[in-house]
Amino acid sequence: MSRRCELSGKAVMTGNNVSHANNKTRRRFLPNLNDVTLASDTLGRSFKFKIAASTLRSVDHRGGLDAYLAKAKDDVLSDAALKVKREIAKQATAA
């Protein structure tokens, strides 16, 4: 399983540990990923995603999963999130 947020695409970054003597060793900055269950108002179902804590705040700020996915770009979404986005769009046009 890759360490990548399914909704925002946030992934592992690399950098250096820098000691007091200015020695540099490589390190990894991991995203703060959490397993969450988000509910879709349009579909009336819940979906499980592995997302970053910062993305969870963004989902709440935009007004829920449906609103977040409507504004999200397709290239950063995972396959599962893209499938949910298409289902929501399909349901919204049918109603």
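Could you grab me the full set of residues in the stretch 69-95 that are in a loop (DSSP other than H, G, I, E, B) and aliphatic (A, V, I, L, M)?
Listed by number, the residues that qualify are 72, 76, 77, 95.
Among the numbered criteria (1) farther than 17 Å from residue 89 by Cα; (2) not in a strand (DSSP E or B), which one does residue 66 miss?
The number of the failed condition is (1).
Pairs needed: first member in the stretch 12-35, under 20 Å from residue 52 (Cα atoms) and surrounded by 10 or more Cβ atoms within 10 Å (Cβ to Cβ); second member anywhere, of a type in the set (S, T, N, Q) and at pLDDT 95 or above; C-beta distance under 8 Å; at least 6 residues apart or different chains.
From residues that are under 20 Å from residue 52 (Cα atoms) and surrounded by 10 or more Cβ atoms within 10 Å (Cβ to Cβ), the pairs are 27/14; 27/16; 27/17; 32/54.
Name the residues in the stretch 63-95 that are surrounded by fewer than 16 Cβ atoms within 10 Å (Cβ to Cβ), over 17 Å from residue 51 (Cβ atoms) and not polar (S, T, N, Q), would you?
Residues satisfying the conditions are 86, 89, 90, 92, 94, 95.
Within the stretch 9-50, track down each residue that is touching a Pro at 6+ places or on another chain (Cβ under 9 Å) and not charged (D, E, K, R).
The answer is 11, 12, 13.
Quick one: which strands (runs of 3 or more DSSP E) sit completely within the stretch 1-58 and have at least 2 residues that are within 25 Å of residue 69 (Cβ to Cβ), within 11 Å of the chain's Cα centre (by Cα) and not aliphatic (A, V, I, L, M)?
Values: elements: 13-18, 24-29, 33-40, 45-52.
Passing ranges, in order: 33-40, 45-52.
Taking the options 77, 82, 65, name whichever one is touching a strand residue (DSSP E or B) at 6+ places or on another chain (Cβ under 8 Å) and either among the hydrophobic types (A, V, I, L, M, F, W, C) or modelled with pLDDT under 95 (or both). Write out each step before concluding.
On the way: 77 fails: touching a strand residue (DSSP E or B) at 6+ places or on another chain (Cβ under 8 Å); 82 fails: touching a strand residue (DSSP E or B) at 6+ places or on another chain (Cβ under 8 Å).
Of 77, 82, 65, the one residue that is touching a strand residue (DSSP E or B) at 6+ places or on another chain (Cβ under 8 Å) and either among the hydrophobic types (A, V, I, L, M, F, W, C) or modelled with pLDDT under 95 (or both) is 65.
The values are calculated or read from the model by the stated rules, or taken from the named source; none is laboratory data. All values reported here derive from a predicted model rather than from experimental measurement. Reconstructed Cβ throughout: ideal geometry from the backbone, glycine too, with neighbour counts over all protein chains shown.
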